Each structure stands twice: as structure tokens, then as C-alpha cells.
Amino acid sequence: MKKLFVIVSLFCATNALAENSSKPNILFIMGDDHTSQVWGIYGGILKNYVHAPNISRLAEEGCVLDHCLVSNSICTPSRATIISGQYSHMNGVKTLNDALSPEKENIAKVMQRGGYQTSLIGKWHLKKEPSGFDYYCVLPGQGRYWDPIMKTKEDWKQGGKPYKGFSTDVIADMTIEWIKNRDKTKPFMAMCHFKATHEPFDYPERFKDLYKGKDIPAPKSFYDQGAETTGRSFKGQSMDNLKKRYLSATEQMKDKPGHMSYPDLPFSVDGLDDDEARMKTYQKFIKDFMRSGAAIDDNLGKILNYLDKAGLAENTIVIYTADQGYFLGEHGWFDKRLIYEESIHMPFVIRYPKEIPGGTRNSDIIENVDFSALFADYAGIEYPTSMQGHSFRENLKGNTPKNWRKYGYYRYWQHSEDRPGHFGIRGQRYKLAFFYGNGLKKNKKNDPTTRYWDFFDLQKDPHELHNAYNDPQYQDVIKAMKAEILLQRKLLGDTDEDNPEIQKIIANNWNN
């Protein structure tokens, strides 16, 4: 009897190992603000300047998403949506100040229950301790670029400890080490989250001479100042504000690494007029940004080479994305937050040799809420009904479901006069947004009295240089899209039931 028990146990264990070995590993790598304009594979004026050979390699070996959209373009909410599989109004993380509860369901917990070993290394930014991970080592808050302090389960309450080196290198090396030392009887889901390319756009010494002596082209709308050139009714985060930050940092000249210790200071605009000063600011900004991105690409190559050497490449799904887009001088802006293209477009490339044809692109509208559903689908795990995403596994193979979404839903909850609260939808051709200009109950300062709409025909105006809301030729399209916004808000549960003031604003201005 004892011998039979041993045989049965060995048989069950062997079956379990065989099942686990057939499940793909998932390596989810994410940059911070590493926008599509500096990936090269999306074209644009910077295509011939960016250093991104390993992003190009992933694109050649996998599939690039051309219309992957963030639902709330700011770091903390985007990350909460990815991990929770819910839009901001459902997971409760609407602004930078919100936190994701460890008690909340998340995709890491789902994968754990499905037999996966899970890890998270790098930027977390969701305030409270991560849950659902067998191992985590994360930056506290935004973290720093050099000798980053990182926290594990063992020293979470003590505040963590410093790790020597440049953060992008440190995070990539730690991810490789975790994969090397993992439990090899289980498939893994590893999340590798870089701090780069977030402000202050720092980079390692090996890239300091990249772009030295070169002039980088600026976007067509670089000198836009506001409504007089585009028809929009808000200013946005002007590149001139970044100039002020550089000058302030120069004046302070802090020596120790920190959140806003910009590289290569001092910076001066003495003797320059406003346009010349803006251009000089841009040249520093864009070069630093691309150098920071080059360090990411460098480490992507290191990770891909390790997977090849370890024999893991064939059965590991590799994703590289960014938590949102970023303005690189378009409309005269930097930063993100707005429903405009550079901000809401999440660059995304995925490689899975067993299933995804190499060198392909997909033009379906994918949202960051969908990532969790894709992970569960690949893992063969039931997707929780509390989550709102949809797996795009078939889309990646060229088999888009007939009922796939036609619009992505967007809402920016934080509010200021220059970047008001707004919601809207973005389709393949048209985009419509309602800037309701009202903050959350806890932060309602500077509410503008004007409520307004932005409408763009992305086919005729891909750079969003003309707000066509009042153009007669689009009125039927706009009417239909307003109805679609209301439908999407109802389907997704974003109805502002707890805020009668916003409901009143919508009712009073919907037909303006």
C-alpha cells in the first residue's frame, strides 16, 4: 500500500511539473513615461535619433500595438489599473495621492492562485505594501536614479536599503537574478518596472556623450501658446515651466542625488529671447530623455540575452511598455495627463515565439485595463468577474473578435486650471472630450467657470492642431459620440453618482 502511495504521488508530481512547464512564463517590463516618440518603431521626427536597437529587436520578433491607450494618464492610477484590472473609479486610485489597498484583488494574486511564482522589482508607486508577490523589491515612492533605496518584505517598515549603481541597471540585474534563482517547478510572472524615463531624466555615464554636438528637431507645434493657435481652451504644462525648474535647480545646485537633481547642470538662458530659451530648454530635455531611454534599451538587451542563454526565450512572453505617454514639446508642452495623443498612447511590444508572428502590428484599441486579462488568458486561469479587462490574445494572432471595442474610455481626475478634469472617448478616427473643469470634493481649487469640448479628426489632423468641435461637417459625428460617451460611462460604472455637482455640470453643458 505504501509503495502504491509513493507511485501515485510521483505520478501526480510528474503531471503537475508537465502542466507547469507547458504554461508560459510572463515577463512584464515597464518604463516610466517612456513615450512612443522615442521608441523609433513608431516613426516621428526622432526616429533617426533614438538609440533603441533592442526595442526594434522585440518588434521584429513580436507584435507592436499601434493603438494601446491608457485610461488615466498619470503614474499611480495607470499602475493601479494594470495590476487591478479596473478603471480608476473602480479601484479607487484616481490621483497621484491615492493608494491601492493590499486587500484588493489583483492579477498577481490571481496568478499565484493559478500556480505561478510572482515577483515585482522596481517602481511600485502605489503607496501601500505590495500584495500577491512571492518576492518584491521596490522603490519607495518615485525613488531616485542613483544608488536607489529599495524595500523588500523584510525591511518594508524600516524603509529599505540602498543598492549601488544606476537604478535602471540595478533593477534589470535584480530581475535577472530573481529569474535565475526562482522555483523552477513553477512558471513565473515577473514584473520589472524602471524609474526611467521619469523626470529628472537622468542617465548613466556611458551615455553622456550620446547626442553631443547635435541639434534635435522639435515638433511642428513646439511654439504653440494656447487657444489662439489651436482652438483649445487651456494652457497645459508649458515647456517654459521646465525651463524654470532647470534654472531653480541650477540656483540651488544640490550635490546629493534626489527626485529633481537634473543631470548636466548648470543651465542658463542668459541673453536669449523667449523662443530661444524654450529651444535651449528643449535641447537639454530631449537629449536627457533619450539618454535615459537608451539605458532602458541597453538593459532590455541584457535581459533578452539572458533569456536566450538560459533557454527561456521560447516559452517566455516578453512585454515592454510604458505606464503612459509623454509630451516632448508637442503643443509647447512636457508632462502627460491630457487626452491628447502623445499622452494617452502607451507604446507596447510583445514577443511570444510559440504564438505571435514576428514583425506584426495590431491596430485594435487596447487599454491598460486589458493587460491583466491577457495574463490570465495565457496562464489558463479564470479571470475574476470583478475585473474589467478583455484579453487581446486573439487580436495579437490577427483574429480580432467581431465585438471588440470601437472606443477607448479616458478620464483624468486630478484638476487644475491649466489641465482641467475631463473625460472622453478615442476611436480609430475621432476623439471627443468634455472638460468639465471640476475637482474632486477634497480638492476643488481653481475651478474654471467655462466648460468646454475638444473634438479631433485624427485622420485629417493627427497632431491635433485644430479643435473641430464647432465645424459644421462634424456635428452628426459629435452627436453620436456624445451618446457613446454616456453609454460607456454607464457600462463601466463611471456615473458620478456620489457627485451631484458634476452630474449638474454634465446636464447643463452636454448640448452646448
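Since every read-out is calculated from the coordinates, none of them should be taken as a lab result. This structure is a prediction, so every number in the text was calculated from the model and none was measured. Note that we place each Cβ from the backbone using ideal geometry, even for glycine, and neighbour counts take in every protein chain shown.
Here are the numbers for the structure shown:
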item: Whether region 296-379 is rounded, prolate or oblate, judged on the alpha carbon gyration tensor where a/c under 1.5 counts as rounded; result: prolate
item: For region 288-300, Karplus couplings with θ = phi - 60° (6.51, -1.76, 1.60), whole Hz, Gly/Pro x; result: 4, 4, 6, 5, 4, x, 4, 5, 4, 4, 4, 6, 4
item: Charged-residue dipole, Cβ positions (Lys, Arg, Asp, Glu), region 415-509 about Cα centre, Debye nearest 20; result: 180
item: Estimated distance in nm for a label pair at residue 48 and residue 268, the labels positioned 7 Å out from Cα along Cα-to-Cβ; result: 3.4
item: Potential extension, residue 463-residue 129 segment - 0.36 nm per residue separation minus Cα distance; result: 116.2 nm
item: Segments 297-305, 357-365 sorted - mean Cβ within 10 Å per residue, highest first; result: 297-305, 357-365
item: Dipole magnitude (debye, nearest 20) for region 262-343, charges at Cβ of Lys, Arg, Asp, Glu; result: 340
item: Rounded to the nearest 20 debye, dipole of the chain from Cβ charges on Lys, Arg, Asp, Glu; result: 1320
item: Residue (of 343, 315, 332) at the positive-pole extreme of region 288-377, dipole from beta-carbon charges; result: 315
item: Antiparallel bridges, percent of DSSP beta bridges restricted to the chain (to nearest 5); result: 55
item: For region 373-512: rounded, prolate or oblate by the Cα gyration tensor [a/c cutoff 1.5]; result: oblate
item: 146, 333, 404 arranged by Cβ crowding within 10 Å, fewest neighbours leading; result: 404, 146, 333
item: Which of 294, 132, 373, positive extreme of dipole for the chain (C-beta unit charges); result: 132
item: Highest to lowest packing among 405-411, 194-200, scored as the average C-beta count within 10 Å; result: 194-200, 405-411
item: Lys pairs, region 415-509 - Cα-Cα below 29 angstrom, 8 or more residues apart or on other chains; result: 27
item: Ordering of 148-159, 130-141, 375-386, 171-182 by burial proxy (mean other Cβ atoms within 10 Å per residue, highest first); result: 130-141, 171-182, 375-386, 148-159
item: Residues of region 372-387 with amide N under 13 Å of the 7 Å Cα→Cβ point at residue 101; result: none
item: Sorted by Cβ density within 10 Å, fewest first, the residues 83, 216; result: 216, 83
item: Stretchable slack from residue 471 to residue 113, in nm (0.36 nm times residue separation minus alpha-carbon distance); result: 123.5 nm
item: Taking the C-alpha atoms of the chain, convex hull volume expressed per residue in Å³; result: 167
